[in-house]
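Where a number appears in this text, it was derived from the coordinates with a stated rule and is not lab data. The shown structure was predicted, so the numbers you read here are calculated from the model rather than taken from an experiment. No Cβ is skipped: glycine too gets one built from the backbone with ideal geometry, and neighbour counts run over all protein chains shown.
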Amino acid sequence: MKPANQIRQWVSGVGAVAVTALILSGAAPGLAQESESVSVSAPMVKGTLPVDDPNAAIWSTAKPAKFPMSPQVHWPNRILETTVKDLSVRALHDGTQVAVLLEYADPTEDPDDAAAIEFMVGDKKAHFAHGQPMAQVEGGPVNIWYWKNKDKKGVDMNAMGFGTLKIQTHQDVKATGAFSNGTWKVVFTRPLATEHTAEDTQLIPGGFINIAFAVWDGRKDGAGDLVEKGSQKAVSSWWYFRAEAPPDYSGYYYAAFAAALALGFQFVLIRKLKKGQAA
Amino acid sequence: MGGSLAKPVLLILAMYAFLKFVVPNLPGSAPLPSSLIFLYLMLTTTGIVVFKTLSRESKDAFFAPILNFLTGENIGAMSAARYGFLILFPLLVGWQTYGSTATSDAPPAENRTIHPAPPGEYTGLSNPVSKTPENIMQGKGFYAAFCSPCHGGKFDGKGPAARGFNPPPANFSDPTTIAMLQESYLFWRIKKGGVGLPIEGMPWKSAMPRWEVELPDEWIWKIIMGEYDGAHQSPRTWE
């Protein structure tokens, strides 16, 4: 064979393989793109959840999600500057309970330092500001898990707009905080599912649910009044939360079956083509 | 095998390179999604196959090298490439299947309409406040007091309170925001705020206050004039 022919064959052969790869990979999902945090992912752990230990080593197994915070400006009384600018969130679950760790910088420990997590409840969307009523959309309630330093406990609440905050008669949320070196670490825990589906958000492993955060710096001004209180707080937008489902290997099984099927198809096709050429 | 396949292969590769690397760099263009590139490559491939099968001679000339490649007949140095293809094809099918069946870690996609249609009663309203320098100046003052914490003193959507909000406050100096809208649209958005949006506007995510509970209509109209003037934009008109 002439060298020129050989080169041409190589170009055609390698090109055909590359084109096939291009076409097939075009149909495959794109590579995961790096993006800023939009979701908190709670991996499932074996053993005991660190429900009352914000400094437990196991927290490092959960990937932190970082969310920017803004002053609450949506509704009076608003505030235009807050202490906390960013919030780091980690979460873990054990199939029964979920633990969420909030971590943020605060120069001083104050009795009125407080933090909260907010979820939508049920299928109806709710405005991120306490489930404010919306003009053209029928909204649902929000479920708020609240912690204040001086109270040393978690509080389970609901709201459908500012001024409607109501403490639930059944308290499922626990919370504990630890302050060290200008950083608060606050852990909230609750069973993934509860019996009170109308008030409590239900965290189904594998499913995404909206989550938002609020933080109050409990410092006081020169007159002795709290600077951040009530609706005057740092808030986040709605983001997503997901308790990870147990590992699902079905994708690998389907892939192996499809590859075996393609291999069999190749085998049958080539055999038939060879028979045709021999005839 | 050779010449009859080399051209189509090079054509498809060139098409891929054009779509992937050239189109995104054209003025006003953007990177094409992989699904669209795939569609264009399939159309190109279909066109080539149709062209090559117009006559029996061209069809045989087109398919013969493919059949030889697949069966391994008289392909000489191409054997290694053939085995590579036979191994790669099932693996790619498996990969594609995994990608379409494996559980996704991505949150649900959100398709927000940035400028949803306003309710009928707000369509076509004209600004009742006369456009005098005094009123514009007063509007800028109201803007500084009520709007700039989020929308920014430079009307660029980068106010000190903006960073945590998603969607971010509108950048009025961007020609795709208020310059595309009529004053009546802004009146509706300022008056009713985020919670006044229809479902496609995702009212549950907007931090825009419902200013009708705090500001008189006249102030809102003045703020609108101040915004346009400060951002160096003009309201959209139908004339």
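Shape call for the range B:120-230 from the C-alpha gyration tensor, a ≥ b ≥ c root eigenvalues: rounded (a/c under 1.5), prolate (a/b greater than b/c) or oblate? Mind showing how you got there, number by number?
Numbers: a/c = 1.57, a/b = 1.17, b/c = 1.35.
Oblate.
Would you please report the Å³ per residue occupied by the convex hull of the alpha carbon atoms in the range A:104-159? Mind showing how you got there, number by number?
Numbers: hull volume 5.1 nm³, N = 56.
Hull volume normalised by residue count: 91 Å³.
HN-Hα J couplings of the range A:115-122 from phi, Karplus 6.51/-1.76/1.60, θ = phi - 60°, integer Hz, Gly and Pro as x?
Each residue's phi maps through the Karplus curve to give 8, 8, 10, 10, 10, 6, 10, x Hz.
Relative to the longest principal Cα axis of chain A, at what angle does helix A:3-27 sit, 0 to 90 degrees, rounded to 10?
30 degrees
From the gyration tensor of the Cα coordinates in the range A:152-207, what semi-axes in whole Å does the equivalent ellipsoid have, largest first, with each one equal to sqrt(5λ)? Could the numbers behind the result be given before it?
On the way: eigenvalues 110, 55, 24 Å².
Taking √(5λ) for each Cα gyration eigenvalue gives 23, 17, 11 Å.
Apply the a/c threshold of 1.5 to the C-alpha gyration tensor of the range A:39-243 and tell me whether it is rounded, prolate or oblate.
On the way: a/c = 1.65, a/b = 1.08, b/c = 1.53.
Taking the square roots of the gyration eigenvalues as a ≥ b ≥ c, the range A:39-243 is oblate.
Using a 10 Å cut-off on Cβ atoms, rank the peptides B:26-35, A:138-147, A:164-173 from the highest mean neighbour count down.
On the way: B:26-35: 10.1, A:138-147: 21.7, A:164-173: 14.2.
For the peptides B:26-35, A:138-147, A:164-173, the packing ranking is A:138-147, A:164-173, B:26-35.
Over all distinct alpha-carbon pairs, what is the Kirkwood Rh of chain B in angstrom?
Values: mean 1/r = 0.0428 Å⁻¹.
When all Cα pairs of chain B are included, the Kirkwood radius is 23.3 Å.
Counting each DSSP H run of 4 or more residues in chain A as -39500 (n - 2.57), what helix-only mean residue ellipticity at 222 nm follows after dividing by all residues, to the nearest 500 deg cm²/dmol? Numbers along the way, then the final one.
Values: 2 runs with 54 residues, N = 279.
Estimated from H runs of four or more residues: -7000 deg cm²/dmol.
Shielding of B:24-35 by partners, i.e. mean partner chain Cβ atoms within 10 Å per residue? If you can, show how the numbers build up before the last one.
Working: counts 0, 0, 0, 0, 0, 0, 0, 0, 0, 2, 7, 4.
Average per residue, whole number: 1.
Going highest first, how would you order A:224-236, B:188-200 by mean Cβ packing within 10 Å?
Details: A:224-236: 18.2, B:188-200: 20.9.
Ranking, from highest mean packing down: B:188-200, A:224-236.
What whole number of Å gives the distance from the Cα centroid of the range B:1-77 to the Cα centroid of the range B:176-239?
51 Å
Order B:45-53, A:197-205 from most to least packed using the mean count of other Cβ atoms within 10 Å. List each step's numbers first, then the result.
Working: B:45-53: 13.2, A:197-205: 17.3.
Highest mean packing first, the order is A:197-205, B:45-53.
Hey, what's the Cα Rg ratio for the protein assembly as shown versus the globular rule of thumb, 2.2 N^0.38 Å?
Details: Rg = 30.6 Å, N = 518, 2.2 N^0.38 = 23.7 Å.
Cα-based Rg divided by the globular estimate yields 1.29.
Using a 10 Å cut-off on Cβ to Cβ distances, tally the other chain neighbours for every residue of B:63-70 and report the average as a whole number.
3
Select from A:Trp239, A:Phe188, A:Gln97 the residue farthest towards the positive end of the dipole of the range A:39-243; place +1 on Cβ of Lys and Arg, -1 on Cβ of Asp and Glu, and compute about the Cα centre.
A:Trp239
Once you average over the residues of A:236-246, how many Cβ atoms of partner chains fall within 10 Å of each Cβ? Intermediate values should be presented prior to the final figure.
Details: counts 3, 9, 5, 2, 4, 1, 2, 0, 2, 1, 0.
Counting Cβ atoms of other protein chains within 10 Å of each residue's Cβ and averaging gives 3.
Going down the table (B:Lys131/B:Lys205; A:Lys150/A:Lys185; A:Lys46/A:Lys174; A:Lys185/A:Lys229), which pairs top 25 Å between alpha carbons?
Details: B:Lys131/B:Lys205 34 Å; A:Lys150/A:Lys185 15 Å; A:Lys46/A:Lys174 20 Å; A:Lys185/A:Lys229 20 Å.
The pairs that break the limit, which is 25 Å between Cα atoms, are B:Lys131/B:Lys205.
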